[in-house]
Amino acid sequence: MSTSPQPRPTRKERRAAERSAAHAPSTGGGGSALRSPVVLATFAAFVVGVVIVLGGMLTAPPSGGEPLRTPMAALPDGIARDGRTLGAADAPVTIDLFEDPQCPACGMWSRDVEPLIVASAVKDGRVRLTYNDYAFLGPESLDASVAMRAAEQLDGKFWEMHALVFENQDGENKGAFSRDRLVAMAGLLGLDEAAFRALLDDETLIAAVKADVERGRALGVTQTPTLVIDGELFPGVPDAVELLALIDARIAAAGSPAP
């Protein structure tokens, strides 16, 4: 008895069969290493770790905006603080730092270089570091600068607000430092939000920011960041190792004893 030939599968049916075979679990002993229990467990642990890290770095978004990022590191213990100044009063080297909160290069300094200098040369007594406002990139730069001063006035938390501000840069005058976001940062620091919001319009604080800018211009500051080291201007973001070498060279040249 003759048997009618079976119809050949269409291209669509062949591709469907291939996809099904490719995604089917392996039953042989030589399955892919990516599917092994050890690799899967490692991958799962990695995912959990990423979730934990991101959970620690991100906070609820204020007023529907992007989540606030929290700084990775805090100021080391044991560092003398006097408002916007860190370090011993008798440190042999002084650094006056001029920054704009919206300046990307300032963000690189504040996040990547400054913590290294603070944890070494400031902490061990070689350097006294002072922050100065050089807000020139628009209204959000002024507001963020005032916000840092307000945090200091309310609870001595200039450097904590400084870290939050530079961690949350996101373009110029696009809302990264809107009033609501700045108030949300104050809330993260445990500050009185109503009092903080009122200080954003404080004429005394606004005038102090503008006075810093004028002082910087009088010193010859034309870009941010600029470090004024013992009166000499160093514009741009320095390499941390080179900056530490410069600090030590100045101490040696002055004949100052090592801290």
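None of the figures in this text is laboratory data; all of them are computed from the coordinates on show. All figures in this text were calculated on a predicted structure; none of them were measured in a lab. Cβ coordinates were reconstructed from backbone atoms using ideal geometry, including for glycine residues, and neighbour counts include every protein chain displayed.
General observations
- Each of Phe98, Val122, Ala147 was placed along the dipole of segment 88-254 (beta-carbon charges, centred on the mean Cα), and the one lying farthest toward the positive end is Val122.
- Exposure proxy ranking, count of Cβ atoms within 10 Å, fewest first, for Thr226, Thr85: Thr85, Thr226
- The relative contact order of segment 88-254, computed from alpha carbon pairs under 8 Å that lie at least 6 residues apart in sequence, is 33 percent.
- Largest first, the extents of the alpha carbon coordinates of segment 88-254 on the three principal axes equal 50, 30, 27 Å.
- The stretch between Ser120 and Ala194, if pulled fully straight at 0.36 nm per residue, gains 22.9 nm over its current Cα-Cα span.
- Our estimate of slack between Ala249 and Arg217, defined as 0.36 nm per intervening residue step minus the Cα-Cα distance, is 8.8 nm.
- Peptides 135-145, 71-81, 206-216, ordered by how many other C-beta atoms sit within 10 Å of their residues on average, highest first, read 135-145, 206-216, 71-81.
- Computed magnitude of the charge dipole of segment 125-259 (debye, nearest 20; Cβ of K, R +1, Cβ of D, E -1): 260 debye
- Close amide H partners of Phe234, meaning residues 5 or more places away or on another chain with modelled amide H under 5 Å apart, are Leu227, Val228, Ile229.
- Summing Cβ point charges (Lys, Arg +1; Asp, Glu -1) relative to the Cα centre of segment 208-259 gives a dipole of roughly 220 debye.
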